Structure formats: structure tokens, C-alpha cells
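The values are calculated or read from the model by the stated rules, or taken from the named source; none is laboratory data. Being a predicted model, the structure only gives us computed values, none of them experimental. Every residue, glycine among them, receives a Cβ derived from its backbone with ideal geometry; neighbour counts consider all protein chains shown.
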Amino acid sequence: MSLGPPLGLGSGLLWGTGDFVGGVQSRRQAPRAVAMWSQVAGAVVLLGVLASRPGDRPALAGVVWGVVGGLGGGCGLLLFYRGLAEGAMSIVAPVAACGAIVPVTVAFARGTPPSLPATIGIAAALAGVVLLSRTPRGERHAGVPLRVVAMALGAALGFGFFFVCVDAGSAVPGGSPLWVVAGARAGSLTSMLVIALAGRRSVPWPGRHIWGVALAGVLDTAANVLFAYATTMGNLGVVGVLGSLYPVTTVLLARFVLAERLSGVQATGVGLALTGVALLGAG
């Protein structure tokens, strides 16, 4: 069995947990501060890992792909945390996960479509994401502000672009996925700094919340590393969708930790997403 699907699923679990932690922190302080300092924390950990592995050498093209992907991913992360601060996690996270459509489209365009079981799994997973984003009439989140939906969709595009670039960078001959992720981290930090400077906004220090912010960044970085390795061992469409199943983890954590209630439709969405995971793994 290829290690691509398990690593892709692992990245999704870590992303989902990190997004939950980051979402909680974004409700306590400025989302831009959470995004920036979490990325800094992840970069510090990644530099430590690279220093302990002198045999991993960077390939310039791979690092460049990482930087380009990080520029899009950083913008997506800012939009994502802002959306989590203003809307329910059970709504924002699934909509942002629609970024899985981007790598799936690229995989088909490259002439390497997933197998039939994996294709069915992709359909089930994406259907689950759609159902997760729905809220029954009459509930307090029934009227989702348009700006929150727009931010979630913008995050989806940024994340999908990141997936494709990391895959391209990891495929560079002689390159190391770790260095691709390092490039991505440099790109994301650059995009956040540019946005902060352009908006003439400071990035406040998290203070006593730094440990929660740092945890979100470390989990995000670990997920990026797993995803980078997964793309070298499996189909981009399959791995991309597995990585994008992170909202299942985020929604479940929001349900049991924050007591956000899942509707029957959303519960069905979780079931469909998990069925998609099984089919993708079998494919």
C-alpha cells in the first residue's frame, strides 16, 4: 500500500487540530497576530529539524515552488483565521476545505486521474464538505454573513494553490520536501508582512496566549511536512482531498470542546467525509 494516503490523512488530522487551536486563539486576539506568530513558531521548529538533518539539501526550484505556494497559503491563512473569528468553525472550516477542488482539477489536467474507488471517495468527501457547510433554518448561524463566506472561499483558493505548489516543489529532482515547506513558510511570512505593512497595521505580541498560538503553528508546520512527503508517494488528487478533510477534525473538536451543535445534515456530512477517507485509502 502506498504511504501517500496515510500521510495525506495525517496532514488533515494535524491541520484540523491546528485550525481548531488557531480558531480559538483568533477569538481572543487579533487574527493577524495569531496567523503571524503561529507561522513564526512553526518556522523556528522547522529550522531546528533542518539543522538536525544536514543530509537534506535544498533544490533551488523546489524552494521557489515552496515560496510561491506559501505566498498564496499565507493569504489563505489570514482569511481563514479572520473567518473563524467572525463565524462558526463548523461553517468556515468546511467551506475553506473546498480548496481540494484545485489539486483534483490539476491532477486530472495532468492526465493522472485517481482510480475508480478513489474517485468515488473524492465525490463522497466533497459531498460531506458541502453538507457540513449547511445550517438548518431557524438556528443562530442560519444567516452566515456574506463576508465570512467570501473569506472562507478566499482561504479555499489560497490553500488549494498551496497544495499544488508544494506538490510541484516536492517533485523536483534531488529536492527535499522539508526544504519545500521551509520555502513555503518564508513565503507565508512574507505575504503576511506585506499585508500588515500595506494596511499600516501592527502585529501585536500574543502575550500569555503565545503557547496556544505556537501550538497552532507547530501543528500546521507538521501537517505541511506530512503533506509534502505524501505528494511524493501518492496521487495529488487523492492526497489533496485527504489533506482537505481537516474540517472533520475541526468540527468534531468544536462540537465536544466548545459545544457547537452539529445538525443532522452536518452529522451526515461527517459520515460521508469519513466514508470518502476509507475509499481514498483503498484506492
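Structural remarks
- Exactly one residue among Val102, Val64, Val68, Val106 is out of contact with any strand residue (DSSP E or B) (no Cβ under 6 Å at 6 or more places or on another chain), of a type in the set (Val, Ile, Thr) and either modelled with pLDDT under 75 or closer than 14 Å to Ala156 by Cα (or both), and that residue is Val102.
- Residue count, the range 129-156 (criterion: modelled with pLDDT under 60 and among the hydrophobic types (A, V, I, L, M, F, W, C)): 2
- Pair list, Cβ under 8 Å, 6 or more apart: the range 188-203 residue farther than 14 Å from Leu77 by Cβ, other residue of a type outside the set (Phe, Trp, Tyr) and part of a helix (DSSP H, G or I): Arg201/Arg32; Ser202/Ala196
- Residue within the range 149-166 that is of a type outside the set (A, V, I, L, M), in a helix (DSSP H, G or I) and closer than 20 Å to Arg53 by Cβ present: no
- Residue in the range 218-229 that is hydrophobic (A, V, I, L, M, F, W, C), touching a residue at least 40 places away in the same chain (Cβ under 8 Å) and closer than 20 Å to Gly128 by Cβ present: yes
- No other residue among Val194, Val239, Val257, Val265 is closer than 26 Å to Leu60 by Cβ and surrounded by fewer than 17 Cβ atoms within 10 Å (Cβ to Cβ) apart from Val194.
- Any hit, the range 91-99, residues being surrounded by fewer than 24 Cβ atoms within 10 Å (Cβ to Cβ), closer than 19 Å to Phe162 by Cβ and at pLDDT below 90: yes
- Residue that is nearest to Gly48 (Cα to Cα), among those in the range 183-196 that are more than 16 Å from the chain's Cα centre (by Cα) and among the hydrophobic types (A, V, I, L, M, F, W, C): Ala186
- Candidates Val24, Val45, Val67, filtered to the one that is out of contact with any Phe, Trp or Tyr (no Cβ under 7 Å at 6 or more places or on another chain), in a helix (DSSP H, G or I) and surrounded by fewer than 18 Cβ atoms within 10 Å (Cβ to Cβ): Val45
- Flag if Gly187 is of a type in the set (Gly, Ala, Ser), modelled with pLDDT of 80 or more, within 21 Å of Phe227 (Cα to Cα) and surrounded by 22 or more Cβ atoms within 10 Å (Cβ to Cβ): yes
- Qualifying residue in the range 35-42 (condition: crowded, with 24+ Cβ neighbours inside 10 Å, closer than 15 Å to Asp220 by Cα, aromatic (Phe, Trp, Tyr) and in contact with a Pro (Cβ under 6 Å, 6 or more places away or on another chain)): no
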